[in-house]
1. To the nearest 0.05, how large is the calculated FRET efficiency for Thr69 and Gln176 if R₀ is 41 Å and r is the Cβ-Cβ distance?
2. What distance in nm separates the simple spin-label points at Ala87 and Lys210, each placed 7 Å from Cα in the Cβ direction?
3. Hand me the trypsin sites (Lys or Arg not before Pro) from region 155-263 located in a DSSP loop with no more than 15 other Cβ atoms within 10 Å, in residue order please.
4. At q = 0.08, 0.09, 0.12, 0.17 Å⁻¹, what log₁₀ I(q)/I(0) does a Debye calculation on the Cα points of the chain give, no solvent, two decimals?
5. Quick one: compute the contact order of region 129-236, relative version, from alpha carbon pairs under 8 angstrom and 6+ residues apart, as a percent.
6. Quick one: helix 53-64 against the long Cα principal axis of the chain, what's the angle to the nearest 10°, folded into 0 to 90?
7. What distance in nm separates the simple spin-label points at Thr219 and Tyr276, each placed 7 Å from Cα in the Cβ direction?
8. Please compute the length gained on full extension between Met262 and Gln245, using 0.36 nm multiplied by the number of residues separating them and subtracting their Cα-Cα distance.
Amino acid sequence: MKNNESVLHLKDKINPRDMIKSIKHASPFVRTEVIFQDECGVELDRYENQTVLGGAITVLEKCWGITSTLVIDTINNIMGIANTGVAVDPKDVVVCLFGVGTGGSGDAIGTVKDVKFYEREVFDMVPLRFTDPINLTTEELTKYWFKSVQPDGRIAYYMKKFEIPPIIKVLWKDAQGDEDGSEVENGVHNTNRTEPIETFVEMVLKITKKDIREWFEETGNIELARFNSIGLFTGALGTLADSTQDYKNVKMIAKLNIGNEMLEYAKELTIIYRIYTS
């Protein structure tokens, strides 16, 4: 053995803090996956996002039926939107909305900002729609929320519901590459299969050709139409002091920052958002 070689003996002690330094901030979930597709369903990019403190606390409160002494402020209070009227029942609060912003990256390549675990909002949030309510269809009026009424009567809708209700998927890991495996069926406890099983909740987020662009058109900067940050939010529909409805107790549970997704030319994006528990 050379003199400059070192040996780890069984009696040597390892400082747990030295191990923690190399580990990404703990998450209540195994991993996440965010898949961007164009309007033809062709995959464009695939990312892993960051669960934030508000999401971690929400999971613990929901699973154990208790309340944390650390309180994360709601987006309602932070932005001054939908913060009047009777409070909603915490049991009705679920993950149901998403919103976007322009504070996740600079203009240059390689300037995407890391998401900090303690962050509670999407920075430089941009309305998904900015229009008079009469310009929205009946279906659209059920999708766009977190409304800020402007002096001229138009409304900035900062959040949007998922395209379809979230789905829990339980799959065998028996596929190649990024393909989904086969579905696990009832009676799996009697199976002889040896492949691992993965479980996740899947949400479908839709960016239409009208989304986001209206705001940049209003400000005279359509050539800068873009987003580079996307957040998932909890909330529950409630009644405001003026008898209208909107989402209350809105908190961010996860956030993804990416390079600028330019929208100068109208296009449609589908975002498959998955949160894995195994």
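1. 0.30
2. 3.6 nm
3. Answer by residue number: Lys173, Arg193, Lys209.
4. -0.41, -0.51, -0.84, -1.47
5. With pairs under 8 Å counted, the relative contact order is 24 percent.
6. That works out to roughly 80 degrees.
7. 3.6 nm
8. The span from Met262 to Gln245 would gain 2.9 nm if fully extended.
Read-outs: derived from the displayed coordinates by stated rules, not from any lab. These figures come from a predicted structure and were not determined experimentally. Note: ideal-geometry Cβ built from the backbone for every residue, glycine included; neighbour counts use all protein chains shown.
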